[in-house]
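Working notes, structure below.
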Amino acid sequence: MSDAYAIPAHLPSRLTISFWLWGYFLGAGEGDVFHDLEARFVELKERGFNTVRIDAGGGLCHAADGRPRGPVALREPFPGHSQLIRQMNFKGGRCDVLKRLIELFELAKRYEVQVILSSWFYLHTFWVVDDALKAELFAVPPEARLRYFAEALDRLLVLLKDRGLHQQIAFVEILNEADGLPFMTEAIKAGGPDAVPARTHAFRTLHEEALAFLRARHPDILMALDTYTADTNLELMPRNMQVWNHHVYYLWSVYFKTLDVGMFDDHAPFPGPEQAAILRPFLRHPPISPDAIKASRNHDPDVLENWYRRIWLYRNLDPAALPALERWLSETMDADVDDHRRQAETAIAKAVAIRDAHFPGIPLVMAEAASYCAGTVLRWEERSDTYWALVAHAVGLMKQHGYWGCTPRTNSGPEDPVWTEFPDRLRTINRLFLAP
């Protein structure tokens, strides 16, 4: 393995990753699941995890001039509507994110847990901050955002080193899904097809410069690229990354064939006649309107249309129809089980091929996987032996191909029902990955 890709000796040989995202600060209020953060670390180890992946609070911990922000106002992502969505079912409230993150690292050191630092600000985290803070960070020009968040990470890394907590860091990502962020893809396309190659390489250079800044300041910490797919754009991948974390939602297509139908045609009315006919048996009558969901965010145009639609869908599920809905979802998955298995196999094979051809020896991580964004009231995934057999198959393939880290599925944190209702499912999968 190249020295650039060497995993420091103090880090685990394999990472079993639980996806905590923003829960540790958004759900930190009295009565929220993350309020007792130490209890969550105890449970994390009991379930076989040794790593958490979190939003590092870029832009929330410090202002642009480096001043700690102190307590910031946090809100429910879609006020009045998102309590029925997994990982959005938090109340918010005021929180000193920097103080909370230091508490998390102190507990990570006590319980020998590693932490992956990332940021979802321009994809999701802006949903939970107040309008002034959102406006401040959206005013940062697209071409300056990678450097802005690299500098935010640098401040945090310096502080963690001062407190002797930095060895709990597994690796650092500047931005989550850096190959598909709207501000980047829109800027790349802005000059028309002829300009795409040059603009793509310009953003790659910006990413490389931001990573070089962090690597020069913190040569003892691994710097990663995070992509939303294994089949990513090679021309956008920074050549000085030290870890590649890619995602594979090989089971989300169950929802695309059923509940998510029509979510991604932004120019068509929703729900259109086809979607209405498919969804009608499972919805409350009368349903809350899509406009009411948008109004909860003051019709924020930076929220992607498919997320508004998804919130609308889960907000309107009829509790009486849940048994029939869960049967339908489970039967749809079972009918396509071979396709789902192939999706996982194809994605992992693609990532391995890119690694071997372009970044030989680089550690591979899959830190988001399987399916995501289901309703809090659904349990079909957790109960399905077929579902968990598919997860085990994907995890086995990652182990076979020498992946450094894996997440059994993105919904695997303390706010998810699998945590308390089906913990043995998580233990079994984590033992599979960690076994010699």
Self-check item: Which of Pro423, Ala353, Gly413, positive extreme of dipole for the range 351-436 (C-beta unit charges)
Solution: Ala353
Quiz item: Based on DSSP H runs of at least 4 residues, each adding -39500 (n - 2.57), what is the mean residue ellipticity at 222 nm of the chain after dividing by all its residues, to the nearest 500 deg cm²/dmol?
Solution: -13000 deg cm²/dmol
Self-check item: Dipole magnitude (debye, nearest 20) for the range 223-296, charges at Cβ of Lys, Arg, Asp, Glu
Solution: 260 debye
Quiz item: What is the extension gain from Lys99 to Lys399, computed as 0.36 nm multiplied by their sequence separation minus the C-alpha to C-alpha distance, in nm to one decimal?
Solution: 104.4 nm
Self-check item: Within a Gaussian network of the chain (alpha carbon springs, distance under 10 Å), most fluctuating of Gly93, Gly31, Gly272
Solution: Gly272
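At a threshold of 8 angstrom on Cα-Cα distance, excluding pairs fewer than six apart, so keeping six or more, what relative contact order does the range 19-108 reach in percent? Mind showing how you got there, number by number?
Numbers: 111 pairs, mean separation 32.4, N = 90.
The value is 36 percent.
If packing is taken as the mean number of other Cβ atoms within 10 Å per residue, what is the order of 9-17, 118-126, highest first?
Values: 9-17: 17.6, 118-126: 22.9.
Going from most to least packed, we get 118-126, 9-17.
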Quiz prompt | Cα centroid separation, the range 370-406 to the range 84-101 (Å) | solution = 25 Å
Quiz prompt | Relative contact order of the chain, pairs being alpha-carbon contacts under 8 Å that are 6 or more residues apart, as % | solution = 21 percent
Quiz item: At a Förster radius of 22 Å, what calculated FRET efficiency corresponds to the Cβ-Cβ distance of Asn298 and Arg67, to the nearest 0.05?
Solution: 0.20
Quiz item: Taking the DSSP beta bridges in the chain as the whole, what percent of them are antiparallel, to the nearest 5?
Solution: 25 percent
Quiz item: Measuring from centroid to centroid over Cα atoms, what is the spacing of the range 158-183 and the range 32-68 in Å?
Solution: 12 Å
Quiz item: Of Lys134/Lys294; Lys109/Lys161; Lys134/Lys189; Lys257/Lys294; Lys91/Lys161; Lys99/Lys161, which pairs sit farther than 20 Å apart, going by alpha carbon to alpha carbon?
Solution: Lys134/Lys189; Lys257/Lys294; Lys91/Lys161
Quiz item: Could you list log10 I(q)/I(0) for the range 1-148 at q = 0.08, 0.15, 0.16, 0.19 Å⁻¹, which the Debye formula gives when each Cα is one point scatterer?
Solution: -0.25, -0.84, -0.93, -1.21
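How high is the relative contact order of the range 381-429, in percent, counting Cα pairs under 8 Å that sit 6 or more residues apart?
Working: 27 pairs, mean separation 17.6, N = 49.
Relative contact order of the range 381-429: 36 percent.
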Exercise. Could you give the size of the charge dipole of the chain about its Cα centre, using +1 on the Cβ of each K and R and -1 on the Cβ of each D and E, expressed in debye and rounded to the nearest 20?
Key: 640 debye
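About its Cα centre, what dipole magnitude does the range 32-90 give when the only charges are +1 on Lys and Arg Cβ and -1 on Asp and Glu Cβ, stated in debye to the nearest 20?
Details: 8 positive and 8 negative charges, 34 e Å.
Dipole magnitude for the range 32-90 comes out near 160 debye.
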Exercise. Between Asp356 and Val42, with labels modelled 7 Å along Cα→Cβ, what's the label distance in nm to one decimal, could you check?
Key: 4.7 nm
Exercise. Only loop residues by DSSP count here, and only those with at most 11 other Cβ atoms within 10 Å; note down the GluC sites (Glu not before Pro) in the range 1-107 that meet that.
Key: Glu30
Self-check item: For the chain, built as a Gaussian network whose Cα springs stay under 10 Å, the top-fluctuating residue of Ile116, Ile278, Ile311
Solution: Ile278
Quiz item: Is the range 346-426 rounded, prolate or oblate when judged by the Cα gyration tensor, a ≥ b ≥ c being the square roots of its eigenvalues, rounded requiring a/c under 1.5 and prolate requiring a/b larger than b/c?
Solution: prolate
Exercise. First select every other residue whose beta carbon is under 13 angstrom from the beta carbon of Arg69; then total the charges, Lys and Arg +1, Asp and Glu -1.
Key: +1
Self-check item: Which label in (i) 26.0, 86; (ii) 20.8, 61; (iii) 21.8, 69 gives the computed Rg and Dmax of the Cα atoms in Å
Solution: (ii)
Quiz item: Taking +1 at the Cβ of each Lys and Arg and -1 at the Cβ of each Asp and Glu, which of Leu84, Val129, Cys95 sits farthest along the dipole of the range 50-156 towards its positive end, judged by Cα position relative to the Cα centre?
Solution: Leu84
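Read-outs: derived from the displayed coordinates by stated rules, not from any lab. Everything numeric in this text was worked out from a predicted model, so none of it was measured. Cβ coordinates were reconstructed from backbone atoms using ideal geometry, including for glycine residues, and neighbour counts include every protein chain displayed.
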